[in-house]
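These notes are about the structure you will find just below.
The values are calculated or read from the model by the stated rules, or taken from the named source; none is laboratory data. No experiment lies behind these values; they were computed from the predicted model shown. Every residue, glycine as well, gets a Cβ built from its backbone with ideal geometry; the counts of neighbours run over all protein chains shown.
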Amino acid sequence: MAQVAPEVKVAEEPLLKVRGLDKHFGPVQALSKVDLDLPAGQVTGLCGDNGAGKSVLTKCIAGIHQPDAGQIFWEGRPVEIRSARDASRLGIETVYQDLALADNLDIVQNMFLGRERVRRGFLDEDEMERAAAATLASLRVTTVRSIRQPVATLSGGQRQSVAVAKAVMWNSKLVILDEPTAALGVMQTQMVLDLVKRLRDHGVAVMVISHNLNDVFEVADRIAVLYLGRMVAQDKASAFDRQSVVEYMTTGTVGRAPVET
Amino acid sequence: MEGSRSLANLVSRWVVASTRLGPRLQSALLRMSSLAVLIGLIIFFGFTAPGWYSTTTLFNILTATSLFLLLALGETFVIISSGIDLSVGSMEGMAGVASAVLIVHIYHGGFGIGVVAAGAAAALVIGLLGGAINGIVVGYLGLNSLIATLATYGAYLGFADIISNGFPVGNLPPAMATLGNGSVIGIPFLVLIAAAASLFCAGLASHTRWGRYVFAIGANREAVRRAGVNLRRHTVLLFTLSGGLAGLAGLLSTAKFLSASSQAGSTDLLIAIAAVVIGGTPLTGGEGTIWGTVVGALIITIIENGFVEMGVSGFWQLVVVGIIIVVAVYVDEYQRKLRIAAASASQPRVDE
Ligand SMILES: Nc1ncnc2c1ncn2[C@@H]1O[C@H](COP(=O)(O)OP(=O)(O)OP(=O)(O)O)[C@@H](O)[C@H]1O
Ligand SMILES: [Mg+2]
């Protein structure tokens with residue numbers, strides 16, 4: 001059974017390890033006893049139907065939500081991630097489904113939001129502009145006209161690229177992308193997927209949430225499936241095919257009648 | 001029909017062109033539209049009110065502007081962050097009354113510079129405290145700023161009357177008169193203080209982290225939270241700044257009129273919000289400039305002053321301010337709609 005996290009299959013300690021995570025909102029049990037491994041230098045695809053709990057799991061790891069029970073291990077040590085700041089201190093950066101960019105700010109201002117460079121108390125705009133341009137260039141995000149234009153004027157793909165670039169700018173060790181290719185065209189999707197591969201090649205642990213199995217199978221080294229808040233499958237990507245992932249997503253199991261809920 | 005369509009065409013083309021100008025130039029142009037109104041008014045009153053151009057008029061206008069400008073500066077930050085502070089007027093009254101009562105109590109003759117310093121400190125502390133209370137109610141208790149500051153608007157007005165038993169406080173020392181009506185190298189103290197506060201606020205808005213967060217919060221509060229910014233502390237500081245400026249205005253108002261009453265700032269709230277709105281800061285938050293507010297404040301004073309010079313009753317000022325608020329907000333909304341239309345019309349250009 002793929003139900004239990006395959007601790008033995010991963011030779012070294014995964015960068016991030018989640019054990020027995022519970023989270024509820026009033027009567028809604030969004031996550032129950034969730035286990036998850038995110039190894040460095042690998043892309044983990046997190047799948048699940050609408051409302052399965054993918055975004056909630058992401059937010060628990062990113063310090064936005066506090067889990068009710070369970071433990072998160074970072075590089076083998078138990079940690080408590082109480083805020084977004086805690087998460088980024090560890091090296092966890094998240095690109096949210098609802099992008100979390102401020103439309104009125106320009107690209108540079110968004111990329112540095114919360115971590116502006118200051119010199120003698122004043123914002124160091126030139127330095128931030130240089131660093132932002134360098135990061136965008138290294139990720140080959142070259143379609144924007146000016147890095148001083150407000151993000152409200154960008155296309156969906158450009159906004160997504162800015163959000164990803166923002167996440168990788170901080171030498172992050174784990175980058176979580178919640179539906180990074182939703183609402184993107186073919187070219188822009190490819191651009192984001194290439195970006196994901198480049199991150200992995202830099203040794204970063206990446207978790208990608210996607211409803212698009214083509215995208216998942218293109219980039220994922222490992223696949224994890226959530227079903228109604230439970231982790232029903234987690235293994236190497238090669239252990240799955242499209243059919244089995246869809247079955248896990250829709251019924252919570254393979255080759256059996258749907259689980260009772 | 002034909003003509004209006006081509007006019008609409010022209011306008012939309014102009015808007016499209018202006019969206020390509022880049023945000024800095026755009027906001028510069030927006031600022032200039034209220035600046036153009038200001039210059040227009042100056043020219044108009046210069047022709048219609050004989051002898052209007054004089055340094056006396058200039059300093060009269062600047063002095064009359066300085067008090068409510070202080071409120072408007074703080075209000076600009078609050079409105080950019082998409083909140084509102086309705087308590088600044090009554091906070092001005094409360095701080096003024098409290099400092100006057102203290103000064104009268106401890107004054108025993110002489111010029112009274114030390115006594116006035118103590119009164120100034122009291123006014124500032126009361127303003128900062130009153131603002132901090134607003135900030136705690138909004139930031140920590142999570143109340144909507146409109147309701148929270150409506151409540152403290154009433155409470156602070158009440159406190160002012162409790163402190164003074166409802167009577168105006170007078171008999172202030174000569175040092176107070178010097179503060180309120182004196183000048184250095186010909187420039188009134190009030191004007192110097194308001195100018196310094198404007199400079200300080202402009203720097204805060206565009207060159208500090210804290211100022212950047214004010215804008216970001218106005219556009220996307222959640223993005224700022226996820227960026228790890230302590231929003232509660234930010235909110236407390238925001239309202240504390242607004243309150244501190246109101247406290248300063250209370251002190252200076254007492255100094256200028258050599259009398260303090262709870263009603264001192266009763267019309268200042270309306271006028272301060274009007275200055276912010278006329279200065280191009282939309283109530284929807286996320287945008288705005290300090291210099292726009294300064295220009296907006298000057299426009300309001302010039303209208304009042306010009307009316308008086310022309311022999312029109314100064315009472316008309318409030319009526320006109322009310323009308324200007326409606327017009328300014330309408331023009332602002334209209335421009336926004338045009339911008340959105342232009343942005344969606346030119347959408348395909350953004351992709352490769
Ligand atoms: N802040 C919240 N308050 C209350 N309930 C919530 C909250 N966030 C999520 N939920 C609930 O938790 C469950 C899981 O939601 P989640 O957003 O994680 O789903 P998801 O897997 O990301 O779905 P999608 O594919 O639609 O993005 C849902 O039933 C949702 O209604
Ligand atoms: Mg989701």
Legend entry - Selected residue [at pLDDT 95 or above, surrounded by fewer than 23 Cβ atoms within 10 Å (Cβ to Cβ) and within 14 Å of chain A (Cβ to nearest Cβ)] from B:ALA132, B:ALA202: B:ALA202
Inset, instruction - Enumerate the pairs (first residue in segment A:55-75 and touching a residue at least 12 places away in the same chain (Cβ under 8 Å) and more than 14 Å from A:GLY229 (Cα to Cα); second residue anywhere and hydroxyl-bearing (Ser, Thr, Tyr) and within 16 Å of ligand 2 (Cβ to nearest atom)) with beta-carbon separation below 8 Å, excluding pairs fewer than 6 apart on the same chain, so at least 6 apart or on different chains. - result: A:ILE61/A:THR94; A:ALA62/A:THR94
Legend entry - Residues located in segment A:82-123, provided they are more than 10 Å from chain B (Cβ to nearest Cβ) and either surrounded by 22 or more Cβ atoms within 10 Å (Cβ to Cβ) or of a type outside the set (S, T, N, Q) (or both): A:ARG82, A:LEU90, A:GLY91, A:ILE92, A:GLU93, A:VAL95, A:ILE107, A:VAL108, A:MET111, A:ARG119, A:ARG120
Legend entry - Some residue of segment B:305-315 being in a helix (DSSP H, G or I), surrounded by fewer than 23 Cβ atoms within 10 Å (Cβ to Cβ) and without any contact (Cβ under 8 Å) to a residue 40 or more places away in the chain: yes
Inset, instruction - Consider A:ILE81 carefully, then state whether it is among the β-branched types (Val, Ile, Thr) and over 30 Å from A:ASN214 (Cα atoms). - result: yes
Inset, instruction - Identify the single condition in (1) within 30 Å of A:ASN104 (Cα to Cα); (2) more than 14 Å from chain A (Cβ to nearest Cβ); (3) of a type outside the set (S, T, N, Q); (4) not in a helix (DSSP H, G or I) that B:ALA197 does not satisfy, given that it satisfies every other one. - result: (4)
Legend entry - Test: residue in segment B:96-109 that is out of contact with any strand residue (DSSP E or B) (no Cβ under 9 Å at 6 or more places or on another chain), over 13 Å from B:GLY131 (Cβ atoms) and of a type in the set (Val, Ile, Thr): yes
Legend entry - B:LEU143 vs. criteria free of Cβ contacts under 8 Å to residues at least 24 places away in the same chain, in contact with a helix residue (DSSP H, G or I) (Cβ under 7 Å, 6 or more places away or on another chain) and assigned to a loop (DSSP other than H, G, I, E, B): yes
Inset, instruction - Restrict the check to segment A:33-40 and report whether at least one residue is within 13 Å of ligand 1 (Cβ to nearest atom), under 26 Å from A:GLU247 (Cβ atoms) and within 14 Å of chain B (Cβ to nearest Cβ). - result: no
